[in-house]
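Trainee: The structure follows.
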Amino acid sequence: MPILSHALPVRTAKTFIRDLSLGLGLGLALAGGAAQAAPADEPLADMIDRDLKVAAAQYGAMLAKVQDKPGFPRTLENGQVKLVPWRDWTSGFFPGSLWYLYEATNDAKWRAAAVDYTARMAPVKFDKTQHDLGFMLGASYGHGYRLTRDPSYRDALLAGATTLVTRFNPKVASIQSWDLWPNSTWQFPVIVDNMMNLELLTWAARTAGEPYYREVALTHADTTLKNHFRPDGSSYHLVDYDPKTGAIRGRVTVQGNADASAWARGQSWGLYGFTMMYRETKKPEYLAQAQRIAAFYMQHPRLPADKIPYWDFDDPAIPNAPRDSSSAAITASALLELANFSDPERARAYRDFATAQLRSLSSPAYLAAPGENGNFLLKHATGHKPAKSEIDVPINYADYYFLEALLRLKATLPGR
Ligand code: GLY
């Protein structure tokens, strides 16, 4: 479901400034395709209920373990849950999963936990050093506002949008993704992941009655569409620009196998991002790009039979390469939305593919049994293989998009 885009009252610029000033006052087990078969005949409603029960058991135990400590659960490292500070780009996903559990169960205990973890993210809205404010604030405050209508959540989101647009450079026609690292040769790096941060801006434009935020989001998406994609529909990870002229200086990877390879999660971010931007704008070019990415991913000859990709479609070690369950969860969620905008034949293919992915993720090969996996939900995600970091582990964003996809699938079932 959209994080932020339920029908919201359009606000005047004057109201926005008032609201804003209020806000400102404040292991390779699956290598070789040896995954266990998914239970293909389980009714989907039963599968979703079973998954949500596992999620409640796992996140209940996780909360009991971490709630008194500072930080947000991100992954499992040396058998321990790794907690990260609010400034980590993944900090919003744990509160986001708590909000989804509240939405799924209507149980006040999840709401209280989500409120607690959302409040811990208060400084994010003023952080000008990164582009990931859309992920961080959308998953936490965005769901909080959607589900509670607490105006302080709206104020935090609008403040975050105001912060995020400071990274926009009109010459490049993009938001800068990362600040320059020491010794890096880049001048203005933009990664495909950045598409995911644009929903905060289209929402803010609508909510505050401020078209500038929407212009920034569309301009960024148009530039990504023009410069990040290859003829086969796959994307480069990072395009570096000259900030004075907007000229492209290079197309490289950081988290993928090679500059010319297709890093699986990058394809998923592009698919999800252009689907979301089509929903937000109805620009046909965005729909066409989302459908091109879907075709690349779904028809890829190196996609395993269980439809959970290797971490990079072009890793020469395939089939002895780690999978990325996070890419599958993001893709399943994106395809369930893309189906709503597509002709009946494509819509069926997208729903079938997403359902197959969710059946695989709901099988014991990927879904933890209660008590396992450090109390995360999904096993076998890969974060940053070239940095030898987070390979074949649970990661909070795999869980978050899995829950989102399950709720999106549930909404398509008869009688729901
Ligand atoms: N946005 C960073 C990642 O997908 O790992």
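Here, each number is a calculation from the coordinates, and none is a lab measurement. None of the values given here were measured: they were computed from a predicted structure. Heads up, the Cβs are rebuilt from the backbone with ideal geometry, glycines too, and the neighbour counts pull from every protein chain shown.
Trainee: Taking residue 226 as the anchor, which lysines have their alpha carbon closer than 29 Å to its alpha carbon, excluding any fewer than eight residues away along the same chain?
Mentor: Partners within reach: 128, 171, 244, 282, 283, 307, 385.
Trainee: Let me make sure I get this right: for the chain, a, b and c are the square roots of the gyration tensor eigenvalues over alpha carbons, sorted descending. Under 1.5 in a/c it's rounded, otherwise prolate if a/b > b/c, else oblate. Which is it?
Mentor: rounded
Trainee: On a straight-distance basis, which lysines could pair with residue 53 in a cross-link, Cα separation under 18 angstrom, same-chain partners fewer than 8 positions away excluded?
Mentor: 109, 379, 410
Trainee: For the peptides 332-339, 41-48, 357-364, 128-135, what is the packing order when you average, over each peptide's residues, the other Cβ atoms within 10 Å and list the highest mean first?
Mentor: Numbers: 332-339: 27.0, 41-48: 14.0, 357-364: 23.4, 128-135: 21.8.
Result, highest mean first: 332-339, 357-364, 128-135, 41-48.
Trainee: Could you give the dipole magnitude of the chain about its Cα centre, charging the beta-carbon of Lys and Arg +1 and that of Asp and Glu -1, in debye to the nearest 20?
Mentor: 800 debye
Trainee: Something else now. Does region 250-383 come out rounded, prolate or oblate, given a ≥ b ≥ c as the square roots of the eigenvalues of its C-alpha gyration tensor, rounded meaning a/c under 1.5 and, failing that, prolate meaning a/b above b/c? Don't skip to the answer; put the middle values down first.
Mentor: Numbers: a/c = 1.82, a/b = 1.25, b/c = 1.46.
Since a/c reaches 1.5 but b/c is at least a/b, the shape of region 250-383 is classed as oblate.
Trainee: Is the shape of region 215-278 best called rounded, prolate or oblate, per the rule: a/c under 1.5 gives rounded, else a/b larger than b/c gives prolate, else oblate, with a ≥ b ≥ c the square roots of the Cα gyration tensor eigenvalues?
Mentor: Verdict is oblate for region 215-278.
Trainee: Where nothing but the Cβ of Lys and Arg (+1) and of Asp and Glu (-1) is charged, how large is the charge dipole of region 41-154 around its Cα centre, in debye to the nearest 20?
Mentor: Numbers: 15 positive and 14 negative charges, 122 e Å.
It comes to approximately 580 debye.
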